[in-house]
1. Let a ≥ b ≥ c be the square roots of the eigenvalues of the Cα gyration tensor of the range 147-237; is it rounded (a/c under 1.5), or, if not, prolate (a/b larger than b/c) or oblate?
2. Averaging the inverse of every distinct alpha carbon separation and then flipping it gives the Kirkwood radius. What is it for the chain, in angstrom units?
3. Got a sec to turn the phi values of the range 100-107 into Karplus ³J(HN,Hα) couplings, 6.51 cos²θ - 1.76 cosθ + 1.60 with θ = phi - 60°, whole Hz, x for Gly and Pro?
4. What are the lysines whose alpha-carbon lies under 20 Å from the alpha-carbon of Lys297, with same-chain residues fewer than 8 places away excluded?
5. Which of the peptides 327-336, 167-176 is most tightly packed, and how do the rest follow, going by the mean number of other Cβ atoms within 10 Å of each residue?
6. If you plug each phi of the range 263-280 into the Karplus form 6.51 cos²θ - 1.76 cosθ + 1.60 with θ = phi - 60°, what whole-Hz ³J(HN,Hα) values come out, in order, with x for Gly and Pro?
7. Over the range 68-139, how many pairs of lysines fall under 14 Å by alpha carbon, counting only those 8 or more apart in sequence or from different chains?
8. Viscosity 1.306 mPa s, temperature 10 °C: give me the Stokes-Einstein translational D for the range 167-313 in µm²/s, with Rh taken as the Kirkwood radius over C-alpha pairs.
Amino acid sequence: MSQMKKICSVLMIFCVCIGIVPQNAAAASGLYFQAKTAGSGNAISVKKITYEGEISNRFINGAKGVLSELEVDFATDVIWNNSAKVSSVKDNKGKKYRGYLLDVDEDGCDLVISDMKHGRTYTIVINGIKKYNSNNFCKLTLKVKLPKQKSSSKNIKVLKVAVDDSYGEVDIEFASKVIWKHNAKVVSVKDNKGKSYNGYLVDKDDDECEVYIENMKSGRTYKIKISGIKKRGAASFQTVTITAKVPAHRHNLTIKKIEYEEDYEDGRMEWTVSFDFNKDILHKDNSYVIIRDADGKAYSLETSFVKWEDDECEVYLTEALTIGQQYTYEISNVKAVQGNQFVTVKGSFTAYND
């Protein structure tokens, strides 16, 4: 027995002298690893390696493929070289992978590997790291086993769908984290009457996206098919179908407020009447506003200048109105943004100069 202890002591001293200290540990997320440091007296102790799942490739400029993140926690403080990097990644079948250092600090780092496969063991080499108070930077080699995935539902579930038909936008929130393919897109949009629309994926994140539908109509139900998406942890991308209901609206335009103003501008008098609508409006090139008094006299013509805004318009008059007198108005070729047809809005008001 004493002879065996002596042999073990000699082996341990030999390992420390050449600076290679193997570690075996069960990490979070089912990961097992080994770690060794090349360089005398520079052994870096690794406490834990956690599999954080797949992340969006927007976190790494120029990265390709599906990215997986590993979080490495050290038991001792370390220092990083400015040129520190993942120099190589290989699996147990000899296949090479791209590896990146996403984030580093004195007690850990985040590694990102492209296209990792579950059920394989990876050898990851990191250059440009050293134990705190050591003289030289060295090479840290990690051997990490990524276990096979347990069978579970990989279907993407939708948590919430919100529609803003004023701008043709559909906001979709997913019940779990998702991964997007670089060429993800809206492949088709159809309403409940069978009509097809152009749809675009204008924004996407790890748990939501935004779709724009051209010429969205109120009161319709849309089926939106989006390709190039998968639930985080799923093996392959899929096409999902989203149902979006657009509420029915009445598009009757009414005038909420009318204001008459007299102003002295640039050495001359200006008279204007402004109209505030109950909805955002659209107008045509030949739209006009005509103001008349009780005798039919016109104070603005079809050719009078009209300033159009989102939910209002302002017409410039040829002369002043009489305060306290009633006038009629006719606003031609306007409609609510989501309205079906252009109309002429008519009414009357009494002139007051606020």
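1. It comes out prolate by the Cα gyration axes.
2. So the Kirkwood estimate lands at 26.6 Å.
3. Each residue of the range 100-107 in turn: 9, 8, 7, 7, 9, 8, 6, 10 Hz.
4. Partners found: Lys346.
5. Descending packing order for the listed peptides: 327-336, 167-176.
6. Running phi through 6.51 cos²θ - 1.76 cosθ + 1.60 with θ = phi - 60° gives 9, 9, 10, 6, x, 8, 7, 10, 10, 9, 10, 10, 10, 9, 8, 7, 9, 5 Hz.
7. The number of close lysine pairs in the range 68-139 is 8.
8. The diffusion coefficient I find is 81 µm²/s.
Readers should treat all values here as calculations from the given coordinates under stated rules, not as data from a laboratory. Computed from a predicted structure; not experimentally measured. Cβ sites come from the backbone with ideal geometry, for glycine too, and all protein chains shown count toward neighbours.
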